[in-house]
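Colleague: Sharing a structure here in structure tokens format.
The values are calculated or read from the model by the stated rules, or taken from the named source; none is laboratory data. These numbers come from a predicted model, not from an experiment. We place every Cβ from the backbone using ideal geometry, glycine too, and count neighbours over all the protein chains shown. Note: areas computed on protein heavy atoms with side chains; ligands, DNA, RNA excluded. Shrake-Rupley method; radii C 1.70, N 1.55, O 1.52, S 1.80 Å.
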Amino acid sequence: MNTLAATVGAIVASIPSPPSGSISIGPLDLRAYGLMIALGVIAAVWLCGRLLEQKGAGTTDDVSAIAIWGVGAGIIGARLYHVATDWERFEDNLGAIPKIWEGGLGIPGGLLFGVIVGMWQAKRRGIEPLVMLTCAAPAIALAQAIGRWGNWFNQELYGRATDLPWALEIDDDHLPAGYESGTTFHPTFLYESMWNFALAGFLIWVDRRFRLAPGRLMAVYLMGYGTGRFWIEGLRIDPADEIAGFRFNQWVSLVAIAAGALWLFLTRGQKWPETPVADDERVDDAETVDDAETVDATDDTPLDVDD
């Protein structure tokens, strides 16, 4: 085992951090953090649109229109959550609050604001909000999986020091106080990204296999994401408020798990409804039957009856 570990370590060594938090494309200098979030949103809108169309409940254009509101609200909520939970960093520097490109988005706040506004917009477009939640659940996980790579570019939110083969290198400018140059750390951004990619796939499988009632897939997402975030959060060493030995976001994760479990319990036995026949279709069918009965009652022509 030691020989195998040494061999793998020699091959992989460690994960380097990027030399810059920006990506240059010709004359353009793009903030990688924002770019990864944008790519995550694009992927999420695509996936949510595909799922909504497969259910016959809406179109990709609907999702694109809803996303403009939901994503905007989500970013505001995520930033407010981060500022509120890390107020010491901003209380003497209020001008830093809107600088989201420098990092600092709290997922719980983003989910709360984004989901509420997204459901409101879905209802305005005639889409059942709970159906939209079902389609959004795996899409949100996909967006998070991609967006987490922004933390890699910013060299932030990594975990405890480790010498594992996949440990993350951090340059001296981003090294926490008390650590020697060359120290490597747990790449928590990678752990969470991989967890969310797997969660997105799992949610799609659950939806196709069990056809949960509208909205219940979001409960499964809350439990799945909360579980992953709890243990990954426990590895992180960035400053955070603690309550009874747990970081604040670990408590939020436990609340998400409990909320998801309670949601599933309260909606147990519910199934995805069969597609109802529209009222105008029922009227047309009734008129067709009436017309047929009238013809049969008045026509003297003998009817040929097959075996």
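Colleague: Return the pair list, or none, for Cβ contacts closer than 6 Å from residues in segment 168-195 that are under 15 Å from residue 237 (Cα atoms) and at pLDDT 95 or above to residues that are open to solvent by 30 Å² or more (accessible area, probe 1.4 Å) and among the aromatic types (Phe, Trp, Tyr), at least 6 apart or on different chains.
Modeller: 189/152
Colleague: Can you name every one of the helices (runs of 4 or more DSSP H) wholly within segment 20-120 that holds 3 or more residues which are open to solvent by less than 80 Å² (accessible area, probe 1.4 Å) and not aromatic (Phe, Trp, Tyr)?
Modeller: Ranges flagged: 32-54, 60-85.
Colleague: Still on this model: State the number of residues belonging to segment 217-251 that are open to solvent by 40 Å² or more (accessible area, probe 1.4 Å), closer than 30 Å to residue 175 by Cα and not aromatic (Phe, Trp, Tyr).
Modeller: Here the count works out to 9.
Colleague: Can you list residue pairs whose Cβ atoms sit under 9 Å apart, with the first residue in segment 78-106 being over 27 Å from residue 40 (Cα atoms) and among the β-branched types (Val, Ile, Thr) and the second being surrounded by 14 or more Cβ atoms within 10 Å (Cβ to Cβ) and at pLDDT below 80? Count only pairs 6 or more apart in sequence or on different chains.
Modeller: Going by the 9 Å Cβ cut-off, there are no qualifying pairs.
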